[in-house]
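The values are calculated or read from the model by the stated rules, or taken from the named source; none is laboratory data. This is a predicted model, so every value here is computed, not measured. Cβ sites come from the backbone with ideal geometry, for glycine too, and all protein chains shown count toward neighbours.
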Protein chains: 2
Amino acid sequence: MALSTSRPSTQRFDPVIEHPDAKGRFIFVCEHASNMIPAEWGDLGLTAEQRMAHIAWDPGALAVSRKLAELMDGVVIHAPVSRLVYDCNRAPDKASAMPETSEIYDVSGNRNISSQERLRRTEAVYLPWANGLHNLIAGRIALGLRPVIVTVHSFTPVYQGKQRHVEFGVIHDNDLSLAVAIQAAASKHTRLHTKLNAPYSAADDVTHTLRAQALPYGLPNAMLELRNDLIATKSTQNEMAELLAPILNMGLVEIQRQAKAS
Amino acid sequence: MALSTSRPSTQRFDPVIEHPDAKGRFIFVCEHASNMIPAEWGDLGLTAEQRMAHIAWDPGALAVSRKLAELMDGVVIHAPVSRLVYDCNRAPDKASAMPETSEIYDVSGNRNISSQERLRRTEAVYLPWANGLHNLIAGRIALGLRPVIVTVHSFTPVYQGKQRHVEFGVIHDNDLSLAVAIQAAASKHTRLHTKLNAPYSAADDVTHTLRAQALPYGLPNAMLELRNDLIATKSTQNEMAELLAPILNMGLVEIQRQAKAS
């Protein structure tokens, strides 16, 4: 686009797509898979420890997604850059897309960034992500596959000093159906402490991907939040995926039943 | 995307963007600006006369959009390929994206097309269009410009043998505000026979662009439909734009007033 004429060129960070030819309907989406900060953004003013912490990414989310995809013959798509550079689950005009603070930490490299820098990050990280995800979804729609969009996140057990008791949150935007069905199945068939719209909700502006990528096509969709202490090791990540795979299928079967009945 | 491994490569048809650095907020969007059918799709089984008719494009819509952009310092973006190859205002799984019939004509080149051909057209026409429009919108959002999305269409005065009396239709999806304000201003300040959600409505699946590009970002948006006999010549196209430019501005001012009051 021509607004870019006077800016330095920046590398573009395309999403990583695994099993693009999978035959199942589920696409597992990880906007916060990576804590990688490309060299041109330095350390954003953070210590190495902070850059490893949950403020930079969602630990465990990608591993659980990969196992879910293996069990359900699904696709995985994940962003290769830390959400502290650009949070791909936010629109470019939101402060939280390039946050000046994250939980209790200042992110000094994000302080007072110019509109040109917002545009640069949008073009380097957000647009390749959003368009790559859109290409994946629209291509499968064209083939008649009607994908199911499930975004996979993890959250910290202690947030701003407070313990969180919820273990599995299922979040929806305007289309409630799949989220409600997944939450009901998880409550019935697992011992996970499961809640709808916890620890966040659409009011916290966390459903951008669902809104931009699933709702316009009327695709079944939900956002999953797993407490990260439950998916901290390879074995617990695999166990969580094995627990959730049948729950997600039950959710899809339930909304298909509802659609037929109506 | 990897689903494309076994298909022949096809040219990609990017949207045309005019005045990308315009300072005004309005982006005028013409999905049906052109009746061009690229050589690889032949004539789709249509006569030269049919390929010139409204079934292939929206005559006058681009000319009115260009004059509106000139008067309002706005951007114009238009698709370079006929909607009979791919209708960029439709999702890839809709029959009307690659219609087998259009009004009273058979489009034999669109009969029984395979899912691979649906994917090929989606990748050649729809995805470059949708991603190009998204890049334009998201880039301006990143710069803090908050674009206003107005799609511009024209319709035939006689449809399936029936005369249409409406002259100016204003169509909305789930966000009614700008469309209602424009319709009210046009009814009050012009002699155009103006109607909301005519000659089509969102129920006819005609608001895909608004739904995919404006709603996820909460941008003001509306779809305009002009009866094409009123914009058949250069001078009437310019007159229509001169009539509508202040109406669109009034609509935007009105929704800003409502937002402040609430």
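The set of residues in region B:32-75 being farther than 17 Å from residue B:88 by Cβ and of a type in the set (S, T, N, Q) consists of B:47, B:50.
Is it the case that region A:98-109 has a residue that's touching a Lys or Arg at 6+ places or on another chain (Cβ under 7 Å) and either small (Gly, Ala, Ser) or assigned to a helix (DSSP H, G or I) (or both)? Even if it seems obvious, please write down each step before you answer.
First, the residues of region A:98-109 that are touching a Lys or Arg at 6+ places or on another chain (Cβ under 7 Å): A:98, A:100.
Filter once more, keeping what is either small (Gly, Ala, Ser) or assigned to a helix (DSSP H, G or I) (or both): none.
Within region A:98-109 (the criterion being touching a Lys or Arg at 6+ places or on another chain (Cβ under 7 Å) and either small (Gly, Ala, Ser) or assigned to a helix (DSSP H, G or I) (or both)), the answer is no, since none of the residues qualifies.
If you go through region A:17-49 and keep only what is within 23 Å of residue A:134 (Cα to Cα) and either free of Cβ contacts under 8 Å to residues at least 40 places away in the same chain or over 20 Å from the mean Cα position of the chain (by Cα) (or both), you end up with A:21, A:23.
Put simply, of A:137, A:141 the only residue that is buried (at least 20 other Cβ atoms within 10 Å of the Cβ), under 30 Å from residue A:256 (Cβ atoms) and more than 7 Å from chain B (Cβ to nearest Cβ) is A:137. Can you pull out the residues in region B:203-215 that are under 17 Å from residue B:29 (Cα atoms) and of a type outside the set (D, E, K, R)? Result: B:206, B:207, B:208, B:209, B:210, B:212, B:213, B:214, B:215. Whether a residue is away from chain B (no Cβ under 14 Å), under 13 Å from the mean Cα position of the chain (by Cα) and in a loop (DSSP other than H, G, I, E, B) was assessed, and residue A:80 passes this test.
Yes or no, residue by residue, for (1) part of a loop (DSSP other than H, G, I, E, B); (2) hydroxyl-bearing (Ser, Thr, Tyr); (3) at pLDDT 95 or above:
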| position | (1), (2), (3) |
| --- | --- |
| B:51 | no, no, no |
| B:59 | yes, no, yes |
| B:62 | no, no, yes |
| B:65 | no, yes, yes |
| B:69 | no, no, yes |
| B:87 | yes, no, yes |
| B:92 | yes, no, yes |
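The residue pairs whose first member lies in region B:202-229 and is within 14 Å of chain A (Cβ to nearest Cβ), whose second member is modelled with pLDDT under 95 and surrounded by 20 or more Cβ atoms within 10 Å (Cβ to Cβ), and whose beta carbons are closer than 7 Å, counting only pairs six or more residues apart or on different chains, do not exist in this structure.
In region B:84-91 there is at least one residue that is buried (at least 20 other Cβ atoms within 10 Å of the Cβ), away from every other protein chain (no Cβ under 14 Å) and of a type outside the set (D, E, K, R). With respect to residue A:14, determine if the residue is over 22 Å from residue A:76 (Cα atoms), part of a loop (DSSP other than H, G, I, E, B) and not hydrophobic (A, V, I, L, M, F, W, C). For residue A:14, the condition - over 22 Å from residue A:76 (Cα atoms), part of a loop (DSSP other than H, G, I, E, B) and not hydrophobic (A, V, I, L, M, F, W, C) - is not met. Somewhere in region B:50-67, is a residue of a type in the set (Lys, Arg), free of Cβ contacts under 8 Å to residues at least 40 places away in the same chain and over 26 Å from residue B:136 (Cα atoms)? Yes, some residue in region B:50-67 is of a type in the set (Lys, Arg), free of Cβ contacts under 8 Å to residues at least 40 places away in the same chain and over 26 Å from residue B:136 (Cα atoms). Tell me which residues, restricted to region A:250-262, are in a helix (DSSP H, G or I) and polar (S, T, N, Q). Result: A:256, A:258.
Being out of contact with any Pro (no Cβ under 7 Å at 6 or more places or on another chain), more than 11 Å from every other protein chain (Cβ to nearest Cβ) and of a type outside the set (Ser, Thr, Tyr) is the filter here; which residues of region A:94-123 pass it? Let's see the steps before the verdict.
Pass one, region A:94-123, residues out of contact with any Pro (no Cβ under 7 Å at 6 or more places or on another chain): A:94-106, A:108-109, A:111-117, A:119-121, A:123.
Restricting the remaining residues to those that are more than 11 Å from every other protein chain (Cβ to nearest Cβ) gives A:95-96, A:99-106, A:108-109, A:111-112.
Scanning region A:94-123 gives A:95, A:99, A:100, A:103, A:104, A:106, A:109, A:111, A:112.
Count of region A:215-250 residues, restricted to those that are in contact with a strand residue (DSSP E or B) (Cβ under 8 Å, 6 or more places away or on another chain) and among the basic types (Lys, Arg), is 1.
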